[in-house]
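Q: Got a structure here, written out as structure tokens. Questions coming.
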Amino acid sequence: MNITVFLGAPGSGKGTQAKRLAESQNFIHFSTGDMLRSAMKAETDVGKKAKGFVDKGDLVPDNVMIELIEAALTGIPNNTKIILDGFPRTVPQAEALDQKISTAVNRALYFLVPEKDLITRLTGRRVCEKCGEPYHVESLPPKKEGVCDKCGGNVIHRKDDSAEVVGHRLQVFHKLTSPLLSYYKTKNRLKELDGNRPIDTLQKELVQILN
């Protein structure tokens, strides 16, 4: 498989860009955040294991995340173009992927955004609880307040986007994920991108890089 990892702090825009690429460039997009929330809502074994960590803004343990991703990648054809968004987040997770030829990562793209902008993005972020469509109270509100433009579902403020949890999430990200950047840099697979640009501008650069 052709696997690209999208790295970046919560709110860096990697999920939005990955969804656009999936729609326009035939990538399969795996958002571990969406996968975990779905598992928690369905109360699967993985979801139950993860819930306590997610609610506090902590990273879900490596063994739980690896279990989730390995199940998702099972049976996918070798020529498939895949974006992993939110995984790996630690070096042990990256090593678990690289242990198998079929899941080894081709490249890692890191979305750089100043922390003050991340906080603004996250605390104002809203999402459709039905289809996952992202919104923002300032830059991208739904046409009708509280209602998703795409499917009519409820647009909500997630608990893990509250100001208190956001601050903790960013601390956890910088502390535990920074070594992952060094891991991919050492392997010459890391490319840094300015994530503080218009969505369309960044999307054009991503299409050039990935194609």
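The values are calculated or read from the model by the stated rules, or taken from the named source; none is laboratory data. Because the structure is predicted, anything quoted here is derived from the model rather than measured. Backbone-built Cβ (ideal geometry, glycine too); neighbour counts: all protein chains shown.
Q: Pick out the one residue from Ala94, Ala108 that is small (Gly, Ala, Ser), surrounded by 13 or more Cβ atoms within 10 Å (Cβ to Cβ) and assigned to a strand (DSSP E or B).
A: That would be Ala108, the only listed residue that is small (Gly, Ala, Ser), surrounded by 13 or more Cβ atoms within 10 Å (Cβ to Cβ) and assigned to a strand (DSSP E or B).
Q: Among the listed residues Thr4, Thr16, which satisfies the condition of being outside any helix (DSSP H, G or I), at negative phi and of a type in the set (S, T, N, Q)?
A: Every option except Thr4 fails the conditions.
Q: What pairs come up if the first residue lies in the range 42-62 and is over 22 Å from Val91 (Cα atoms) and part of a helix (DSSP H, G or I), the second is at pLDDT 80 or above and polar (S, T, N, Q), and their beta carbons are under 8 Å apart, counting only those six or more places apart or on different chains?
A: Gly47/Ser38
Q: Among the numbered criteria (1) under 25 Å from Lys191 (Cβ atoms); (2) buried (at least 19 other Cβ atoms within 10 Å of the Cβ); (3) modelled with pLDDT of 90 or more; (4) not β-branched (Val, Ile, Thr), which one does Phe87 miss?
A: The single condition Phe87 does not satisfy is (3).
Q: Exactly one condition in (1) touching a residue at least 12 places away in the same chain (Cβ under 8 Å); (2) surrounded by fewer than 18 Cβ atoms within 10 Å (Cβ to Cβ); (3) among the hydrophobic types (A, V, I, L, M, F, W, C) is false for Leu140; which is it?
A: Just one mismatch for Leu140, condition (1).
Q: So how many residues does the range 1-37 have that are without any contact (Cβ under 8 Å) to a residue 40 or more places away in the chain and closer than 16 Å to Glu70 by Cα?
A: Within the range 1-37, residues that are without any contact (Cβ under 8 Å) to a residue 40 or more places away in the chain and closer than 16 Å to Glu70 by Cα number 2.
Q: Now for a separate question. Note down all Cβ pairs under 8 Å where the first residue falls in the range 193-211 and is part of a helix (DSSP H, G or I) and modelled with pLDDT under 95, the second is surrounded by 14 or more Cβ atoms within 10 Å (Cβ to Cβ) and among the aromatic types (Phe, Trp, Tyr), and they're at least six residues apart or on different chains.
A: Leu210/Phe27
Q: Checking Gly11 against (1) of a type outside the set (Val, Ile, Thr); (2) modelled with pLDDT under 90; (3) not in a loop (DSSP other than H, G, I, E, B), which single condition isn't satisfied?
A: For Gly11, the exception is condition (3).
Q: Looking only at the range 163-186, which residues are exposed (fewer than 14 other Cβ atoms within 10 Å of the Cβ) and either hydroxyl-bearing (Ser, Thr, Tyr) or outside any helix (DSSP H, G or I) (or both)?
A: Ser178, Ser182, Thr186, listed by residue number.
Q: When the residues of the range 164-211 are narrowed to those that are among the polar types (S, T, N, Q) and under 20 Å from Leu118 (Cβ atoms), which ends up nearest to the chain's Cα centre (by Cα)?
A: Thr177
Q: Among the listed residues Val64, Val91, Val60, Val105, which satisfies the condition of being within 23 Å of Glu164 (Cα to Cα) and within 18 Å of the chain's Cα centre (by Cα)?
A: Result: Val60 is the single residue among Val64, Val91, Val60, Val105 that is within 23 Å of Glu164 (Cα to Cα) and within 18 Å of the chain's Cα centre (by Cα).
Q: All but one of (1) within 15 Å of Phe30 (Cβ to Cβ); (2) in contact (Cβ under 8 Å) with a residue 40 or more places away in the chain hold for Ile69, so report the exception by its number.
A: Condition not satisfied by Ile69: (2).
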